[in-house]
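Take a look at the structure below.
The values are calculated or read from the model by the stated rules, or taken from the named source; none is laboratory data. Computed from a predicted structure; not experimentally measured. We place every Cβ from the backbone using ideal geometry, glycine too, and count neighbours over all the protein chains shown.
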Amino acid sequence: MSQFTPLSALAGGALIALGLSGMLLGTGRIAGISGVFSGVLRGARCDFLWRVMFVAGMLAGGVVLSRLRPDWFDRDVPPYPLALTALAGVLIGVGTRMSNGCTSGHGLCGNSRLSRRSIVATLTFMATGIATSVAAHHFMGKTH
């Protein structure tokens, strides 16, 4: 999808807010993806099933949408080397561990609760993402 469409963005944002609110009000849990996924990796016994279902639902949603609307996915992005992609994944994992959460946990859930820690974390990862993008564009000629 190459053009911004305000109505679909508004609908998507409303659905995300509804899902996050429903999880918080219904279970008392924050829908931070890194926390949910780390519980799957740790094999959290008391709440393993819902975590697996949450992750499976995210993956299934992406697969179904890619089949229904392949034009919404940017297929023209040049692939990065596997080693660079793996390094990026490790760095993201380290960053989420250091900040006790990820963009969904801090950026969506924490900021909406006016958590100071989440506001600082969000400002930090946004600044880092912008700096990384500028550096990649400048030094590697990458625009995506």
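In the range 104-117, the residue that is surrounded by the fewest Cβ atoms within 10 Å (Cβ to Cβ) out of those that are in contact with a Ser or Thr (Cβ under 9 Å, 6 or more places away or on another chain) and among the hydroxyl-bearing types (Ser, Thr, Tyr) is Ser112. Of all residues in the range 54-71, those satisfying the criterion of being farther than 19 Å from Cys102 by Cα and either among the aliphatic types (A, V, I, L, M) or touching an Asp or Glu at 6+ places or on another chain (Cβ under 8 Å) (or both) are Ala60, Val63, Val64, Leu65, Leu68. Taken together, the residues in the range 32-69 that are within 16 Å of Ile16 (Cα to Cα) and either of a type in the set (S, T, N, Q) or not in a helix (DSSP H, G or I) (or both) amount to 1.
Do we find a residue being charged (D, E, K, R), surrounded by 14 or more Cβ atoms within 10 Å (Cβ to Cβ) and modelled with pLDDT of 85 or more anywhere in the range 66-86? So far as the range 66-86 goes, no, none of its residues is charged (D, E, K, R), surrounded by 14 or more Cβ atoms within 10 Å (Cβ to Cβ) and modelled with pLDDT of 85 or more.
Against the list (1) surrounded by fewer than 10 Cβ atoms within 10 Å (Cβ to Cβ); (2) assigned to a helix (DSSP H, G or I); (3) of a type outside the set (S, T, N, Q), the condition Ile92 fails is (1). Of the listed requirements (1) farther than 30 Å from Val120 by Cα; (2) in a loop (DSSP other than H, G, I, E, B), Arg29 misses just one: (1).
Within the bounds of the range 76-94, is there any residue that is closer than 26 Å to Leu18 by Cα and not acidic (Asp, Glu)? Looking through the range 76-94, none of the residues is closer than 26 Å to Leu18 by Cα and not acidic (Asp, Glu).
Condition check: modelled with pLDDT under 90, at positive phi and either in contact with a Ser or Thr (Cβ under 7 Å, 6 or more places away or on another chain) or of a type in the set (A, V, I, L, M, F, W, C) (or both). Does Gly101 satisfy that? It would help to see each step written out before you state the result.
Details: modelled with pLDDT under 90: yes; at positive phi: yes; either in contact with a Ser or Thr (Cβ under 7 Å, 6 or more places away or on another chain) or of a type in the set (A, V, I, L, M, F, W, C) (or both): yes.
Answer is yes for this residue.
Of everything listed in (1) more than 21 Å from Ile33 (Cα to Cα); (2) of a type in the set (Ser, Thr, Tyr); (3) under 17 Å from the mean Cα position of the chain (by Cα), the single unmet condition for Thr85 is (1).
Number of residues in the range 112-129 that are modelled with pLDDT of 85 or more, in a helix (DSSP H, G or I) and closer than 15 Å to Ile30 by Cα equals 2. For Arg51, the test of being among the charged types (D, E, K, R), farther than 27 Å from Ser133 by Cβ and surrounded by 11 or more Cβ atoms within 10 Å (Cβ to Cβ) is passed. Of the residues in the range 91-98, at least one is more than 26 Å from Leu15 (Cα to Cα), at pLDDT below 85, among the small types (Gly, Ala, Ser) and within 15 Å of the chain's Cα centre (by Cα).
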